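Report on one structure; see the data block that follows.
The values are calculated or read from the model by the stated rules, or taken from the named source; none is laboratory data. Computed from a predicted structure; not experimentally measured. We work out accessible area using only protein heavy atoms, side chains counted, and drop any ligands, DNA or RNA first. Shrake-Rupley method; radii C 1.70, N 1.55, O 1.52, S 1.80 Å.
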Amino acid sequence: TLGTQTDYRDGEAQTDPYSPEYVVPSGSVPELLTLATLTWGRGLPAGLAEVEMIERAREKRAWEATLPAMDSASQIAKRRKMMEEMERKEWAFREQEIEKLQKVRLEVLKKLLRRRVENQNELDAKRLEDHWQNHQKAKEAKIKKIQRDCALVLRKLIAKRKNVMGKLERRDIIKEYTDFASQTYAPLSRIGYFPDNHSERYVVKNFYLNTSAGLCELEACLPDSVMLVKTEAPKPQCTTTKTGYVKRSARLELELAQVHQALLEKKNKVKEPKKPLRFLKKVEKPVPRPPTPTLEKPSIEEEEREMAVICLQKLLRGRAIQNMMFEGKEKRLELIQELRTTHALQEDRQLLLKAEAQMTQALQQERDLQMHQLSSEESLLAREEGRALANIFDFLSKELVRLQEERKIHAFVMLAERQRRMREAEESGRRQLEERRRQEEDEIFKQAREGDCTIDSYLEDIILSSMENTAEEQAREEIRRMAEEINDIAYEMESCRTRLQSEEIVAELVYDFLIPEAEKMSIREKVRQSQRKHIYAAHQIIHGATE
């Protein structure tokens, strides 16, 4: 039922893990040296990416161990082929990493664009809201003005309705003074009376408050206790330090004293006497509360015992951590012994080991430098790609806005053109109606002026129409008679025509119609043949070039 809590966590006092010095024996390259670039906070503790990198390094070392020796031409060709395949795999892996980075950057760009669109939408909504509020204010002002005008017009109508006959009435002074709602007691400001103009006449004027002599006299008659104010500094309820702060122990004592006082008041509370019942009513008894648990104040011996238990817990935890460290040391005892055996080597071998260590460190530094260069190049490429994408998106958004505006303007132009054509059509129809009406009116006017000679004109029209009909009938009879004569002559010539004459007629028809058509067809065929040669030569040139 008891627990302890320290003031500081273990993580707050944790530092970087200790890395002891090491010596590598000759002829061995421990795998731990390949991970020397990983430090605490920069790769350690290892995550998924670091584990994948370690696995790739192991696979590469295993692949390097399987490479053939360079002792023959076939082995060299095989080695080159294997190295080319590995280089292609590394390039493919690098491309995958670049694609992942690009996807992440595209997601960031999408989030930024989405956030910008949301901000723009919020700004547009705010602008619309402000515009709507301005319209509402203008609308309310207009409604108020209309209401004021309506009240003014209604008052005028009521005043006119009171005196419909327009009779002049004399002023009834007695009626005005008997009616407390008349203009005598409550004049209206629209008539020209403003009751606040002479408000100073209602101000109470006092000699003792408005003059210096009155104030002096009033001050002389007052007692000294009124003029001299005594203030006492409040006494602190608990002890404070020199700087004015309250200690924690004093605050706890004050809280305990307040709780003790409250308990005493509750304990010594006198029950109120029962009052006589005026009305009979049922009083429900409240549910009894459970007894309040009390905690006894521990003695000094128990506190000392508790502190001793806490100290023992700390010692046990420290001993458990030491045991865990000892178990880890026992598990890795072979590695520690392997590292310790290097101290027993000779001086020349130690120098060789130091030279190899320096070479490995140089290689590691060179590799770190290459990785730094690659990371800087990637960051530059990513920055340029982001800038190019931002410019492209900006240009596309502007072009989209421009196309939308052009479409709107084109739609407005088409609507205006359509309205103009409709108006022109209406105007032309209206103009034709006016011209037709004007012609009818002119014709009616002419017929009205020529009313005297209508009979003569009617007779002349009848005579002219009869003459035209008779002339047309005579012309048709003459044409029919001439056609019959021509047919008779043609039939007589065919009946008396010889074979030689018919052959001459056929020869003339052939010479005039068939021979020119045949010559035209032969000329067209010659032109087609000459064009076909050129087309065939062009086809051969094109097909030869494509093959």
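Of the set (1) part of a helix (DSSP H, G or I); (2) within 50 Å of the chain's Cα centre (by Cα), all apply to Ala62 but (2). Of the residues making up segment 323-333, at least one is open to solvent by 100 Å² or more (accessible area, probe 1.4 Å), assigned to a loop (DSSP other than H, G, I, E, B) and either of a type outside the set (Asp, Glu) or under 30 Å from Leu101 (Cα atoms) (or both). A residue that is modelled with pLDDT under 90 and either assigned by the TED database to the domain that holds Arg387 or acidic (Asp, Glu) (or both) cannot be found anywhere in segment 106-127.
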